[in-house]
Every structure is written in C-alpha cells, then in structure tokens.
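Before any comments, here is the structure.
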Amino acid sequence: MTTMLERISASFTDRKRRRNAKPHHQNPVPDTKRDAVEGGFDGSSFTGAVFNLSTTIVGAGIMALPAAVKQLGLIPGLVMIILCGALTESSVVMLLRFTRASKSSTYSGVVRDAFGGIGRFILLICIIFNNMGMLIVYMVIIGDVFSGTWSKGVHYSGVLEEWFGQRWWSTRPVLLFLTTLFVFLPLASFRRVDSLRYSSALSVVLAIVFVVITAGVAIVKFIDGSIEMPHLMPQFTGQQSFWKLFTTIPILVTAYICHHNVHPIENELKDPSHMNAIVKTSLLLCSSVYIATSLFGVLLFGDKVQDDVLANFDGDLGVPYGSFLNDVVRVSYGIHLILVFPIVFFSLRLNLDGLLFPHAIPLSFDNKRFCFVTTILLAFVFVGANYVPSIWDAFQFTGATTAISVGYIFPAAIALRDTRGVATKKDKMLSLFIILLAVSCSTVALSSDLYSIYNNETTLDEDPLLS
C-alpha cells in the first residue's frame, strides 16, 4: 500500500521545469533533486503570495528609513528609495529568469548551477547570517516596545510597564521567552510558507496603520503651522559628513531584501507564471509604504528624528490624544514585527537545513529534523536578542555585507556568468553596474562605520567626562 509520505511526495510536480520526486528515508535525495522538492505544496493564491513577499520586505528596516532620508536630504532620500526599489525588482526578475533557465527551484540551486558548490555554500552562509541578524533585531525591538530599554543611562518605559507597572512577566527576558514559546514557536511550526498568508496580511495592515497615524499627525501639525520645513538636500559640515552619507545605503538595501523567500513562495503558487507580477505588486506596495513613512516621519520630527523613528513616539506629539496614538503606534509595530518573524524564520530554517543536510530528504518530511532545526534556531535567536550590543550597528554591517550580497551581487554575478547563454547585452550592462555600485557603496559604508566606531572610542578614552 502506498504510504502517506509517498502520496504527499508524488504531489510535488514542477509545472514549469521539474520532475516528480518521491523521497524516501532509505534513499537520501541527491542535491539536484533536493532543490526540486524543497519548496513545498502547490496551491497558493496571487494575493497570499503578495502578502507573504511584502511581509518579507517590510520588517524593522522601515523604522530606520526616516533617519536615512534626513541624512540624505528629503529629495535625494526619496529618490534613493525609488531607485533601490527599481534595482531590487530588476535583480529579482533577472534571478527568476536564470532560475528557470537552469531548471532549478531554489536560490541556492541557481547559484550552484553558475558557480558550483562553493558559490552555493557562500550564498547560504550570507542568507543565514542576514536572516539570523534580522530576527535578533526583531526580537530586540519587540522587547524594547513592550518591556522598555536602557540607553545611555536613561530608562525608556515599555508599553506593558506603562500600563501595568513593573511585573515579573513584563521583564525583558521573561517576556521574550513567553513570546518565543507561545507565539514564535507555533507560527514557526508551519511547513508551508502559504500557511502564513493571514498573519502576513495582518502584518502589512499594521504597517499601513503606522503610516496612516504618522501621516495624520504630520498633516494636523502642518495645518496648524508647527512643522518646520525639512532639509531638501544633504547638509555638509565636513568631510566626515560627506562619507557618512554612504552609511545610509545599507539601510536602504536591507529594507528591500526579499530574495531568500522568492523561490519558496513561487514553488507553492497555483500558477508560477504570475511570480513576476507578484514581485512588482509587492515592491510597489512596499515602496509606497517606505516613501510615505520617510516623508511624513521627516516632516513630523525634522532634525530630531531618531535612528529608530519608533523612539520618537515616546514623547508628546503635540496633538489631541497624543499619548493614545503613541501607544497605538508602538503596539501595532510590535505586533507587526511578531508577525514578520515567522516568514523570515521560514527561509532561515530552509537554508540552514540545506547547508547542514544537503542530501537529506526535504525538511518538511522529517519530523525529528524539522523540530531539531526549529528549536535550535529559536533558542539561538532568543539568546542573541538578550546579548546583542547595538541593533543599528548590526543593521549597518549586515546591510553592507550579507544583504548587499544576497540582494544584488549574487543575482548580477549569475547574469554575468551566464552559464545557460540567456543573458542579453542589457542584462550584462545592468549587472555590471549593480556590482560596481554594490561593492563601492559597501566598501565606503563599512569604512565609514569602522571609522565612526574608532572615533567614538578614541573620544571616550581622551575625555574622562565622556568615559
């Protein structure tokens, strides 16, 4: 009699480029077949895929965009948001085209086709480090929102502390542990990315709630004349301020990274030919949210906008019901990040499993391995969130290295390699431009970050009042 595992396995059919695969515990799946079945089950809708991809894009990076736009100046900042969105669309569409040509079904598969096992290994490491860093940042911010945080000796109260006072269950470690156990673990237990479509839809709605409130407060204050005109162009106070402009590039890049979840989402679609339209729709939606957040965030807070604009919603907004709106913004964004967590975790788990067990049967068919990898990753993220020193330094360094590699360098390098002979002259020219831009911006951003850290440490050592 056909076993349940064989019946499920037989349902895996790549409608475009892949053969049926029937994995069995006694016969490990070769690397080439592993890519063909790792994606999941068929049947996802266009709308569900848009929500899942949009949730992958809109994470914690949105809160750093107003500060990045303030530093660049309003006009160049908004132009850069649009440019990064266009480059992201080009890189994803190009990546999908070469994926089909190589008859692969995963990002790592098309990279292996172009650069062999070493290229696949480097890509998986980049995705793992990028996603792990993002998840730790998400958990840190969730702790900041609900339990509060300390910064430069000043305590910023969390929402739960303000509402209920100090309680044992609202302390940071306990709250993060309870959230991991009762929220992240159940959501991370889904074996299909399409199962997260409803949580992703709610996540996108909550991001829009944040934009609507920010826009509403900014418009009210603009009408009563209490908003100053923001700087339209960057303000230079010296050579260091010029080079510091490049540190905004990793922030913008990180805000658009979604390449690691494109293939799992495509593999579950009823009609994979819709994937290009899904990418364009998602990027248009997210770019609109990013532009509105940056524009109204800069208008509302001006030069006082923080690296994390959420920190600006801790004081008096100067409008009726300001305290209530502050709480709504913080709670909605905290829940938004909680719902973003599982969609990023899904990709992290798949890629780590692909790195550690490249010839095993698909993860969704092995209960013990699935539980083991899920538990280990959640524990690692939980520990990291309790000891990470600075989330924004992490944003800049991961954005300038792993995020740029995953989002731009690898797709462009695949086109330049062109092992299948499908790249056009336009593809190669665009790929060369993307690589030169990515490498130069990454180098300058890293150098500027390291210089700033060294400069701050030197200042603290020389000035006893600051140390």
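Say the dipole of the stretch 34-462 comes from +1 at the beta carbon of Lys and Arg and -1 at that of Asp and Glu; which of 370, 287, 258 then lies farthest toward its positive end?
So the residue we want is 370.
For the stretch 39-189, what does the alpha-carbon gyration tensor say about shape, rounded, prolate or oblate, given a ≥ b ≥ c as the root eigenvalues, a/c under 1.5 as rounded, and a/b over b/c as prolate? Don't skip to the answer; put the middle values down first.
Working: a/c = 2.30, a/b = 1.57, b/c = 1.47.
It comes out prolate by the Cα gyration axes.
Provide the three semi-axes, in whole Å and in decreasing order, of the ellipsoid equivalent to the stretch 34-462 as defined by the square roots of 5 times the Cα gyration tensor eigenvalues. If you can, show how the numbers build up before the last one.
On the way: eigenvalues 228, 138, 87 Å².
The answer is 34, 26, 21 Å, longest axis first.
Once label points are set 7 Å from the Cα along Cα→Cβ at both residue 219 and residue 433, what is their separation, rounded to one decimal in nm?
3.6 nm
Please list 96-108, 278-290 highest first by mean number of surrounding beta-carbon atoms within 10 Å per residue.
Details: 96-108: 22.6, 278-290: 20.5.
Highest-to-lowest ranking by the protection proxy: 96-108, 278-290.
Would you pull out the residues with amide H under 5 Å of residue 361's amide H, same chain only if 5 or more places away, H placed 1.01 Å from N?
29
Collect residues whose amide H, placed 1.01 Å from N in the peptide plane, falls under 5 Å from the amide H of residue 148; neighbours closer than 5 in sequence don't count.
Here 158, 159 satisfy the definition.
Based on the alpha-carbon set only, what is the convex hull volume of the stretch 153-204 divided per residue, in Å³?
Values: hull volume 6.6 nm³, N = 52.
Spelled out: Cα convex hull of the stretch 153-204, divided by residues, is 128 Å³.
Can you tell me the length gained on complete extension of the stretch residue 276 to residue 182, counting 0.36 nm per residue apart and subtracting the Cα distance?
Details: separation 94, 0.36 × 94 = 33.84 nm, distance 3.56 nm.
This chain segment gains 30.3 nm when fully extended.
Taking R0 as 30 Å, what FRET efficiency do you get between residue 380 and residue 198 from their Cβ-Cβ distance, rounded to the nearest 0.05?
On the way: r = 27 Å, r/R0 = 0.91.
Computed FRET efficiency for residue 380 and residue 198 comes out at 0.65.
Label-point separation (nm) for residue 359 and residue 233, each offset 7 Å from Cα along Cα-to-Cβ?
Here the modelled spin labels are 6.2 nm apart.
Using 17 Å as the cut-off for backbone N distance, which residues of the stretch 57-77 belong to the label zone defined by a point 7 Å from the Cα of residue 288 along Cα→Cβ?
Under 17 Å, as judged by backbone N against the label point of residue 288, lie 57-58 of the stretch 57-77.
Read-outs: derived from the displayed coordinates by stated rules, not from any lab. These numbers were taken from a predicted model, which means no experiment stands behind them. Cβ coordinates were reconstructed from backbone atoms using ideal geometry, including for glycine residues, and neighbour counts include every protein chain displayed.
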